[in-house]
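Every read-out reported here was derived from the displayed coordinates using simple, explicitly stated rules and does not represent laboratory data. Bear in mind the structure is a predicted one, so any value in this text is a computation, not a measurement. Because the Cβ atoms are built from the backbone with ideal geometry, glycine has one as well, and the counts that use them run over all protein chains shown.
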Amino acid sequence: MEPAAIYASRAGSEILGQMYAFTIRGRQLCLRPEATATCQLLADGPLRNRGETRVWYETRCWRYETPQQGRYREFTQFGVEILNPRAQDLGRRRRELIELAERMIVPFEPEYRLAPQVKRGLAYYIQDGFEITSPRLGAQQQLLGGGGYERGIGFAIGVDRLGLAAQAAKTVP
């Protein structure tokens, strides 16, 4: 669980409308709908003065939305974030992250598609993002999405969708 304010101030209306939010003992809480906003909180707080910091996470997330293949109310997200990078390094860090993302996806989905410049729907992105999709997944094709935000840059993989793509490609390790 997280304080709901983390997402209210960072993620935007799309996520707010999908949050499992509730009040306990006067505190507004929610089940974590995604993890990048939590990483932003670290970049703004305890890691603010440590310089560039690289983190990764794997976490369960929850969103109240209509379930369909590849889009579930409970799902696993794996992410890599570079917090507090120097401004002059952002282009290089972006390229590093895209290369890492491609290396992570290829063993599971050899026919992925990279879109290196896309508009991301979450409010915290301050520049065009990037996505990797799989043509095998039908309507919910996105496997990975990322981009730059105020104090970092990173990406997250939908582990459940990656598993579906791997099954369809028959590349499940």
Which of Tyr57, Thr38, Gly26, positive extreme of dipole for the range 21-76 (C-beta unit charges): Gly26
- prompt: Sorting Glu150, Glu109 on the 10 Å Cβ count, fewest up front, what's the list?
  reply: Glu150, Glu109
- request: Output the relative contact order of the chain, whole-number percent, from Cα pairs under 8 angstrom with separation of 6+ residues.
  value: 21
statement: Checked the chain against the a/c 1.5 cut and the a/b vs b/c comparison, axes a ≥ b ≥ c from its Cα gyration tensor; verdict oblate
- prompt: Based solely on its DSSP helices, what 222 nm [θ] is calculated for the chain when runs of n ≥ 4 H residues each add -39,500 (n - 2.57) and the sum is averaged over all residues, nearest 500 deg cm²/dmol?
  reply: -7000 deg cm²/dmol
field: Protection proxy ranking, peptides 93-101, 152-160, average beta carbon neighbours within 10 Å, highest first
entry: 152-160, 93-101
